[in-house]
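Bear in mind that the values in this text are calculations on the coordinates, not laboratory data. Note that the coordinates shown come from a computational prediction; the quantities given were computed from them, not determined experimentally. Glycine also receives a Cβ, built like all others from the backbone with ideal geometry; neighbour counts cover every protein chain displayed.
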Amino acid sequence: MFSVAQSVGYRYPFAWVAFGGGPTHWWTYFLKTGFYHCFVILGNGREWCIIDPVIHYTDFIVIKTRHIEALFMDKGYQLVRTTPHIPTKVQFRLRPCTCVEFVKRFLGIERPYLWTPYQLFCYLKTKKGK
């Protein structure tokens, strides 16, 4: 199976996952306050790629700054540092296409019962960046 990450030989060694946002749709009112949305931030310390899966498209933004943490924390987001992994086995996943599922797939997290941004936040905090 062809993998771009394996063919070019480089993958970002860590990622930030941002949690925050506000209630935008009726179903988001059931989520924990302050944990309505999540997205991934990758970078090298100077240039950052933000991959933001919203309900009807996925936004890809490039930012040049040395202060990515301060930039998002000033906007009210909570950031968790983690390490992306490539899953060891291929699993069939039939789950809703949500921001949480997107972030889990991007990071290689194989936890089918993580459904909400707050559950993902708690899981990443227990991993302590690993």
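With charges only on Cβ, +1 for K and R and -1 for D and E, what is the dipole size of the chain about its Cα centre, in debye, rounded to 20?
460 debye
Calculate the spin-label point distance for THR33 paired with ARG105, positioning each point 7 Å from the Cα along the beta-carbon direction, and give it in nanometres.
Computed distance between label sites ARG105 and THR33 equals 3.3 nm.
Which one is right for this structure if Cα extents along the principal axes in Å is calculated from it: [x] 51, 32, 27; [y] 43, 38, 30; [z] 38, 27, 26?
It is the one labelled [y].
Given an 8 Å cut-off on Cα distances and at least 6 residues of separation, report the relative contact order of segment 10-127 as a percent.
28 percent
For the pair ILE51/LYS75, report the inter-label distance in nm, with labels modelled 7 Å from Cα in the Cβ direction.
1.8 nm
Okay, helix-only estimate at 222 nm for the chain: each DSSP H run of n ≥ 4 adds -39500 (n - 2.57), divide by all residues, round to 500 deg cm²/dmol; what do you get?
Result for the chain, helices only: -6500 deg cm²/dmol.
What is the calculated FRET efficiency for ILE61 to THR126, with r their C-beta to C-beta distance and R₀ = 35 Å, to the nearest 0.05?
In this case the efficiency is close to 0.75.
Quick one: 3J(HN,Hα) in Hz for segment 95-109, Karplus 6.51/-1.76/1.60 with θ = phi - 60°, rounded, Gly and Pro as x.
Rounded to whole hertz, the list is 9, x, 7, 10, 4, 5, 5, 4, 5, 4, 5, 5, 8, x, 8.
Less than 21 Å apart at the alpha-carbon level, and either on another chain or at least 8 residues along: which lysines does that give for LYS64?
Candidates past the 8-residue exclusion: LYS75.
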